[in-house]
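The values are calculated or read from the model by the stated rules, or taken from the named source; none is laboratory data. Quick caveat, the model's predicted, so the values are computed rather than measured. Don't worry about glycine lacking a Cβ; one is built from the backbone with ideal geometry, like all the others, and counts go over all protein chains shown.
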Amino acid sequence: MALQAVTPVSSFAFTSKIKYRYDVFLSFRGEDTRHSFTVPLYNALRRKRINAFIDDRKLGKGEEISPTLPRAIGRSRIPIIVFSKNYATSTWCLEELAHIVWCKKQKNQLVMPIFYKVDPLDVQYQRNSFEEVMAALEDRFRDDLEKVRKWTSALFEAASLSSAWLFGDGSEYDFGEKIVEEAFSKLPPKRLHIGEHIVGLDACIKDVTSLLDIVSILGIHGTEGVGKTTLAKAAYNSVVHQFEEACFLTDIRTAAKGSKGMVRLQKTLLSEVLDEKKKIKFRSVEEGISKIKQRLCRRRVLPVLDDIDEMEQSE
């Protein structure tokens, strides 16, 4: 098995690897939004195959904050905060919020605040009901005002984010669907399953990923059965989080057969990368090449083509 690299390009600035367990963490005041918005939002995220964390005890199963919550927040790619009228009445929610703001600074997480039937300025500057709640907390925690100041700062910082969403009235279902699509568009492509015990590939994976710093096209070739596909999948999993979109097309040699085989592969590539529900239409390979150039231009995309037996297929 050998590696072949072509088409030199400038080096990529690869991001450091962070082990994430969840795609989305939902922070919310249970009694305010669970039936009308948060649980339906959670279900919509799951239908989209987004791995979302929701604390069941906010659904009426407990009172005290779980010690596992800070870990779940830190291991989530996108914390979504549902600010509602009574959000700040829960010190549980305020502790979550403070940790979300801390993680955003430490890990550069994308945070999506949602203002659910509440004025963003009330949250940001603790006006109206938020002012009353924070005043009550100052009285309650008069011996630990630093904690209250931490919560006040977290409210201000989270409410100041440009990634905020505002819901006043209208269809909560449609609004939730927009949130799901926005979150999905910000998530990296999913990793491939290659088995639990892959032995002896570490050095090869390192060779492949190091070459991706200096080339834009990399070929892995060798005799049948030496593990080219497994290596390609392992390398794909190692770097996929560094790309905006990715696609792993399997069995190119067989799929490309027939007059429309390559056209179907081109359509599959575009539909998987763009995740479009509507059917992508074109009739010829040449039209497909043009469409791919047009739609993927300036995107950071990782396409992997498995089992190629002719260079024309790659081109």
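Things to note:
- Screening the stretch 193-221 for residues that are assigned to a loop (DSSP other than H, G, I, E, B) and either among the β-branched types (Val, Ile, Thr) or modelled with pLDDT of 85 or more (or both) and picking the one that is farthest from the chain's Cα centre (by Cα) gives Val199.
- Residues of the stretch 83-137 that are within 24 Å of Ala183 (Cα to Cα), out of contact with any Gly (no Cβ under 8 Å at 6 or more places or on another chain), without any contact (Cβ under 8 Å) to a residue 60 or more places away in the chain and outside any helix (DSSP H, G or I): Ser84, Lys85, Asn108, Gln109, Val111, Pro113, Phe115, Val118, Asp119.
- Residue match in the stretch 64-74 (condition: at pLDDT below 95, under 20 Å from Tyr173 (Cα atoms) and part of a helix (DSSP H, G or I)): no
- Within the stretch 159-192, tally of residues that are assigned to a loop (DSSP other than H, G, I, E, B) and under 30 Å from Ala235 (Cβ atoms): 6
- When residues in the stretch 35-51 are screened for being of a type outside the set (S, T, N, Q) and within 12 Å of Phe83 (Cα to Cα), 1 of them pass.
- Flag for Phe156 being among the aromatic types (Phe, Trp, Tyr), under 18 Å from Tyr87 (Cα atoms) and part of a helix (DSSP H, G or I): yes
- Residue check, Ser84 assigned by TED's automatic domain parsing to the domain that holds Val180, under 26 Å from the mean Cα position of the chain (by Cα), buried (at least 20 other Cβ atoms within 10 Å of the Cβ) and farther than 18 Å from Val24 by Cα: yes
- When residues of the stretch 285-315 are limited to those that are loosely packed, with under 13 Cβ neighbours inside 10 Å and not charged (D, E, K, R), the one nearest to the chain's Cα centre (by Cα): Cys297
- Neighbours by Cβ (under 9 Å, 6+ apart or cross-chain): first from the stretch 243-262, touching a residue at least 12 places away in the same chain (Cβ under 8 Å); second assigned to a loop (DSSP other than H, G, I, E, B) and among the small types (Gly, Ala, Ser): Met262/Ala256
- Leading residue by the ranking (surrounded by the most Cβ atoms within 10 Å (Cβ to Cβ)) among those in the stretch 176-195 that are among the small types (Gly, Ala, Ser) and within 22 Å of Leu166 (Cβ to Cβ): Ala183
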